[in-house]
Amino acid sequence: IKTQVGIVGGGPAGLMLSHMLAKSGIENIVVEKRDHETIRTTHRAGILEHGSVRMLTEGGVSDRVLTEGYKHDGIDLRFGGVSHRIDFEELVGESVWLYPQNEVFVDLAAARERDNGDVRYAVTDTEVLDQTTSVPKIRFTDAEGTGFEIHCDILVGADGSQGICKRSIPKELRTDNFIEYPFAWFGILTEAPPSAPELIYANSDYGFALISQRNDNVQRMYFQCDPNEDAGAWSDEQIWAELQRRVDGPDGFQLKRGPIFEKTVLKFRSYVCEPMRYGNMFLAGDAGHTVPPTGAKGLNLALADVKVLFEAIDSFYATKSAELLDGYSDKALQRVWRAQNFSYWMTSMLHTRTDATPFERKRALGELNGVVSSRHGQAYLAEAYTGWPEK
Ligand code: DHB
């Protein structure tokens, strides 16, 4: 099959790029190894920067984020049992939207279907080849068992952190930057009303907890745990006690409890592949980098990559000049490293190492106090959290 852009990966990054290219009259095909249902039911983060919301709404994907999502004008940083509100709206004039990544996928998949996009789910044996030639190729077997080869001008690897595209770059031509953290998150979904109007990022002697939300009836919460924790070994009662003690304080704040219907342990690390390009193959989203979840940058960073890559591909077809494509990796990496730092900072500031010395504990509280008692500190957090303006 011949097309202009071949995209490996039909998550939010691959589908958003496919949507934007199609709107600009650029032919493309997406291949995705998972089936639609598996992606739709995989729980990921839930916070969209204002720029991500604009890509969905002004980009003609869907307005559902505005009708089904929730606008949040701030968050609470809670430590020493006391909450400190960071007022995004007042500090930087921006907000974020609580709208789960599954819904972003649902909207994008529906938009591709509505616009007759070519998206092949549940493919197997995917391979990428000839990346350094003018005709890179994607080989795959479709869900019916038929083998295909896509010939394209530009190949995009949007196939996530475990994808094949990044690994197809010869080791001597890429730098794998990564660090691991001695923490993981125990994540739950519970059928309960929200415990607070906004998200609470809590630091405590027992470790970090995040009180997030999904909608009026379902809440998402996480607590820092050992990376080898067995989620199945915890009873609901134990989970509620652990979460509650991490948010306890003199204000008597109590979590609203309900039945817990999902329990998972999420391991995390920071990773950046440099450059995010190999010949005529370009990486976007988790395929090129992963961030720890604190601060919810993953999906937003993927969409930011897609915006830069779309403009580069669009300009390549409009002007026949590869200038923007040649600048893609450097431009995307600027934002990636800023987000890596923000995610690393939020993670290290809010989590508590199990072997922390009293000095380290008090230093961390000093850092949190420094942020909340400085308008500039708060504003840095607000600007990073709601999403840096594009440059
Ligand atoms: C969620 C996840 C995050 O990592 C975060 O910083 C905020 C919210 C969530 O899943 O709701």
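So here's what we get for this one:
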quantity: Complete set of residues in the range 186-208 that are within 12 Å of the ligand (Cβ to nearest atom) and closer than 20 Å to Tyr99 by Cα; calculated: Gly187, Ile188, Leu189, Pro194, Glu198, Leu199, Ile200, Tyr201
quantity: Condition check for Thr133: in a loop (DSSP other than H, G, I, E, B) and either within 16 Å of the ligand (Cβ to nearest atom) or acidic (Asp, Glu) (or both); calculated: no
quantity: Count - residues of the range 337-371 that are among the hydroxyl-bearing types (Ser, Thr, Tyr), touching a residue at least 60 places away in the same chain (Cβ under 8 Å) and in a loop (DSSP other than H, G, I, E, B); calculated: 2
quantity: Answer residue from the range 317-351, given it is out of contact with any helix residue (DSSP H, G or I) (no Cβ under 7 Å at 6 or more places or on another chain) and β-branched (Val, Ile, Thr) and is surrounded by the most Cβ atoms within 10 Å (Cβ to Cβ) among those; calculated: Thr347
quantity: Residues that are within 19 Å of Gly81 (Cα to Cα) and either within 15 Å of the ligand (Cβ to nearest atom) or at pLDDT below 95 (or both), drawn from the range 214-246; calculated: Met221, Tyr222, Phe223, Gln224, Leu243
quantity: Looking only at the range 40-73, and only at residues there that are part of a helix (DSSP H, G or I) and either within 16 Å of the ligand (Cβ to nearest atom) or of a type in the set (Lys, Arg) (or both), the one that is farthest from Glu390 (Cα to Cα); calculated: Arg40
quantity: Enumeration of residues in the range 7-40 that are surrounded by fewer than 24 Cβ atoms within 10 Å (Cβ to Cβ) and either among the acidic types (Asp, Glu) or out of contact with any helix residue (DSSP H, G or I) (no Cβ under 7 Å at 6 or more places or on another chain) (or both); calculated: Ala22, Lys23, Gly25, Glu27, Ile29, Lys33, Arg34, Asp35, Glu37, Thr38
quantity: Odd one out for Glu311 among (1) modelled with pLDDT under 95; (2) away from the ligand (no atom under 16 Å from the Cβ); calculated: (1)
quantity: Unmet requirement for Ser95, which otherwise passes all of (1) within 15 Å of the ligand (Cβ to nearest atom); (2) within 24 Å of Phe310 (Cα to Cα); (3) hydroxyl-bearing (Ser, Thr, Tyr); calculated: (2)
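The values are calculated or read from the model by the stated rules, or taken from the named source; none is laboratory data. Note that this is a predicted model, so its numbers are computed, not measured. No Cβ is skipped: glycine too gets one built from the backbone with ideal geometry, and neighbour counts run over all protein chains shown.
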